[in-house]
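First comes the structure, then the notes that go with it.
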Amino acid sequence: MIYLKYTCFILCFFVSVLFATDLEQLDQASSLYKNNQYDDALLIYESLHNRFPNNIDIMYNLGNVHFKLKHHGYAIAYYLKALKWNPSDSDIRYNLSLARALVDHKSESSTSIIATIINWLRLLSINASFNVMMLFLLTFLFVLRLLQLKKFNREFLSNMLVISGLFFIISFSIFSYQYSHYSEKKGVVIAKKSAVYSGPSETLSVLFYIHEGYEFTINKITGDWLEIELSNGFKGWAPASSLFIL
């Protein structure tokens, strides 16, 4: 029993030391950033990101450091990574818009009703979409059970059943869209300029060129080559060294 207590004490001590060290590094990186020492801050944030790859704040700070260093491709990539975990964060979305405005290409944003609805849906996280869907499903099943018991107003319950069923179908559609969007393999161009080839080899013909900050969807991966597709439908093969996979 005494041995177990000592073991727990030692483990707690080491965990607290490691946690304190990480906090010190965060404070150090923040101080370096405020003092315009962006290269030094970048090294610390990258080290922390390797240990905590899903930490949104570290991703966001990496985006900020790269933005200050004028690494616009990396800045966009890290903002997109952070936004994937927290799509409703206004600070991330604003900084992402600033970084996108500085790259060479200009994406045409649609003002249609469908595009507006899609943009609103992207503000929801996949977890929130799932929770809403499950809420309406449970409501539907609960009302159905009440109907089976035949102890309450049947007309009212029938209407509630139809309404909850419709909302479940809508929420299921939203969740399905969110899941497919979340599951897509995407990336950002980090090279200043890179050729896109007709196949996974530099000996093949060049189809077009991509520039830093271009965003794309990944269709295939073959060795050190990726088949990418831009938002305008252009597709081809580019070397992985010039790309950042989200």
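Considering Val162, Val196, Val188, which residue is within 28 Å of Phe130 (Cβ to Cβ) and crowded, with 18+ Cβ neighbours inside 10 Å?
Val188
For the list (1) surrounded by 12 or more Cβ atoms within 10 Å (Cβ to Cβ); (2) more than 25 Å from His49 (Cα to Cα), I need the number of the one condition that Gly213 fails.
(2)
The rows are residues; the columns are (1) of a type outside the set (D, E, K, R); (2) touching a residue at least 12 places away in the same chain (Cβ under 8 Å); (3) over 19 Å from Phe234 (Cβ atoms).
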site	(1), (2), (3)
Ser173	yes, no, yes
Tyr177	yes, yes, yes
Glu184	no, yes, no
Val189	yes, yes, no
Ser201	yes, yes, no
Leu207	yes, yes, no
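To keep it simple, each residue is scored yes or no on (1) modelled with pLDDT under 90; (2) in contact with a helix residue (DSSP H, G or I) (Cβ under 6 Å, 6 or more places away or on another chain).
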position	(1), (2)
Ile58	no, yes
Leu62	no, yes
Ala75	no, yes
Leu80	no, no
Tyr94	no, no
Ser112	yes, no
Asn119	yes, no
Leu124	yes, no
Phe140	no, yes
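Just name the residue that is nearest to Ile210 (Cα to Cα) out of those in region 223-239 that are at pLDDT below 95 and acidic (Asp, Glu).
Looking at residues that are at pLDDT below 95 and acidic (Asp, Glu), I get Glu229.
Is there any pair linking a residue in region 138-151 that is without any contact (Cβ under 8 Å) to a residue 40 or more places away in the chain to one that is part of a helix (DSSP H, G or I) and among the aromatic types (Phe, Trp, Tyr), with Cβ under 7 Å and at least six apart or on different chains, and which?
Correct list of pairs: Phe140/Phe168.
The values are calculated or read from the model by the stated rules, or taken from the named source; none is laboratory data. Everything numeric here is computed off the predicted structure, so don't read it as measured data. FYI the Cβ positions are ideal-geometry reconstructions off the backbone, even for glycines, and counts take in every protein chain you see.
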